[in-house]
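Below is one structure, written out as structure tokens; comments come after it.
The values are calculated or read from the model by the stated rules, or taken from the named source; none is laboratory data. These figures come from a predicted structure and were not determined experimentally. Here the Cβ positions follow ideal geometry from the backbone for every residue, glycine too, while neighbour counts run over all protein chains shown. In case anyone asks, the SASA skips ligands and DNA or RNA and just uses the protein heavy atoms, side chains included. Shrake-Rupley method; radii C 1.70, N 1.55, O 1.52, S 1.80 Å.
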Amino acid sequence: MATLREALPTDITVLSELAARFYAEEGFGTPPEQLRRNAEVLVSDPSVRVVLAVDDTGRPVGFAMTWLLFGLEQGRYVEIGDLYLSPDARGTGSGRALVEDALAWGADNGAGSAYLHVDDEGARRHGLPAFYSHLGFTDAGR
């Protein structure tokens, strides 16, 4: 399993490379330059937690981005906006660790619930609904 650490501004290059790989793998059309610019903003935003998963050689193999939000219906909550692991890091417990880190950060910041969205590609290719269900998430039907 990978070790987790908070991403720093010095991690923007590797973070944006992982994000570009993730978006290409899932068929999203966001240009890599835009991902890099947005990652620079997110890493510096205190309402966002950006975490890197690092293997035992020190190589970043994934990341998670979690937003702290407030809604009329939910009150304070977190949304796991992006979570990616390189293929060689999948099935190692690193995904679970990233989710648990996001939930703990949310709870530490007053969040009473957590949300995420699984797109059709993630459901079909990676079985993500079953993964998240195993971690206690339920389909809200939205």
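Condition first: among the polar types (S, T, N, Q) and either open to solvent by less than 60 Å² (accessible area, probe 1.4 Å) or in contact with a Phe, Trp or Tyr (Cβ under 6 Å, 6 or more places away or on another chain) (or both). Now tell me which residues in the stretch 109-135 satisfy that. Spell out the reasoning first.
Applying the first criterion (among the polar types (S, T, N, Q)) to the stretch 109-135 yields 109, 113, 133.
Listed by number, the list holds a single entry, 113.
Screening the stretch 48-142 for helices (runs of 4 or more DSSP H) wholly inside it with 1 or more residues that are farther than 19 Å from residue 3 by Cα and touching a residue at least 60 places away in the same chain (Cβ under 8 Å) returns the ranges 120-126. Does residue 66 satisfy the condition of being surrounded by fewer than 18 Cβ atoms within 10 Å (Cβ to Cβ), of a type in the set (S, T, N, Q) and either at pLDDT below 90 or closer than 18 Å to residue 39 by Cβ (or both)? Criteria not met by residue 66. Looking across the stretch 6-47, the residues that are touching a residue at least 12 places away in the same chain (Cβ under 8 Å), among the hydrophobic types (A, V, I, L, M, F, W, C) and either open to solvent by less than 40 Å² (accessible area, probe 1.4 Å) or in a helix (DSSP H, G or I) (or both) come down to 7, 12, 14, 15, 18, 19, 20, 22, 35, 39, 42, 43.
Quick grid of which residues meet (1) over 23 Å from residue 9 (Cα atoms); (2) buried (at least 17 other Cβ atoms within 10 Å of the Cβ); (3) in contact with a Cys (Cβ under 7 Å, 6 or more places away or on another chain):
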| site | (1), (2), (3) |
| --- | --- |
| 57 | no, no, no |
| 70 | yes, no, no |
| 77 | yes, yes, no |
| 87 | yes, no, no |
| 93 | yes, no, no |
| 106 | no, yes, no |
| 137 | yes, yes, no |
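Kindly indicate which of 96, 36 is closer than 20 Å to residue 137 by Cβ and charged (D, E, K, R). Before you say what the answer is, go through the steps one by one.
Numbers: 36 fails: closer than 20 Å to residue 137 by Cβ.
On inspection, the qualifying residue turns out to be 96.
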